[in-house]
Amino acid sequence: MTPRGARLAALAMALVLGQFLYLQVRSTWANYWLLTDAQKGTALVTMEWWSGHGAVGYDYVVAGKRYSGHSSRDWKDPKRVPVGGTTTVYYSASHPWISLLYMPRALLEGLPVIMMVLVFETFSVITIINPTGRWALTLAKKEHKDDP
């Protein structure tokens, strides 16, 4: 692969991994506020969410203001609330637009996976900067000093 091709491949990888890391940061921020000042409310399930994994869209009201959210269902709850049904929602008292249908177990979930993604993200950025360098991913042919 040419250095230019290696840069493009590393850029694509960096964008995908960066999106994953962004979503993890956002999830950690939401978990922090829910673990800090969660309130319990009632949500109306409005739709099955396209992402799968038992996710649904829902509406809930806090202090007379309507909010919408989407979340996976509470995996500990054996009943599957259908569209049009009501379920418990947990929302942040200080940031009522942050909500989930379950209480998070921890601030940061999946730390080993996040650390691996950070390593690959770092090497992807290194490859974008110098695709033939010592620390670059082996996407491009590296030149050695003893090669003719």
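Going by the conditions given, is Val61 surrounded by fewer than 16 Cβ atoms within 10 Å (Cβ to Cβ), at pLDDT 95 or above, part of a strand (DSSP E or B) and not basic (Lys, Arg)?
Numbers: surrounded by fewer than 16 Cβ atoms within 10 Å (Cβ to Cβ): yes; at pLDDT 95 or above: yes; part of a strand (DSSP E or B): yes; not basic (Lys, Arg): yes.
It is true that Val61 is surrounded by fewer than 16 Cβ atoms within 10 Å (Cβ to Cβ), at pLDDT 95 or above, part of a strand (DSSP E or B) and not basic (Lys, Arg).
Ala63 passes every criterion in (1) under 18 Å from Trp29 (Cα atoms); (2) in contact with a Pro (Cβ under 8 Å, 6 or more places away or on another chain) apart from (1). Within segment 92-101, being touching a strand residue (DSSP E or B) at 6+ places or on another chain (Cβ under 7 Å) and either surrounded by fewer than 18 Cβ atoms within 10 Å (Cβ to Cβ) or part of a loop (DSSP other than H, G, I, E, B) (or both) holds for Ala93, Pro96, Trp97, Ile98, Leu101. The condition of being in contact (Cβ under 8 Å) with a residue 12 or more places away in the chain, aliphatic (A, V, I, L, M), surrounded by 16 or more Cβ atoms within 10 Å (Cβ to Cβ) and assigned to a loop (DSSP other than H, G, I, E, B) does not hold for Val89. One residue is enough: does segment 19-36 have a residue meeting the conditions closer than 30 Å to Thr132 by Cβ and in contact (Cβ under 8 Å) with a residue 24 or more places away in the chain? Yes, segment 19-36 contains a residue that is closer than 30 Å to Thr132 by Cβ and in contact (Cβ under 8 Å) with a residue 24 or more places away in the chain.
Looking only at segment 1-10, how many residues end up being loosely packed, with under 14 Cβ neighbours inside 10 Å and part of a helix (DSSP H, G or I)?
2
Mind telling me which of the residues Ala9, Ala55 ends up being modelled with pLDDT under 95 and over 23 Å from Met116 (Cα atoms)?
After ruling out the rest, the residue left standing is Ala55.
Let's see how each residue does on (1) surrounded by fewer than 12 Cβ atoms within 10 Å (Cβ to Cβ); (2) of a type in the set (A, V, I, L, M):
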| residue | (1), (2) |
| --- | --- |
| Val16 | no, yes |
| Phe20 | no, no |
| Asn31 | no, no |
| Ala43 | no, yes |
| Met47 | no, yes |
| Ser51 | yes, no |
| Ala55 | no, yes |
| Tyr67 | no, no |
| Met103 | no, yes |
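The values are calculated or read from the model by the stated rules, or taken from the named source; none is laboratory data. Being a predicted model, the structure only gives us computed values, none of them experimental. Because the Cβ atoms are built from the backbone with ideal geometry, glycine has one as well, and the counts that use them run over all protein chains shown.
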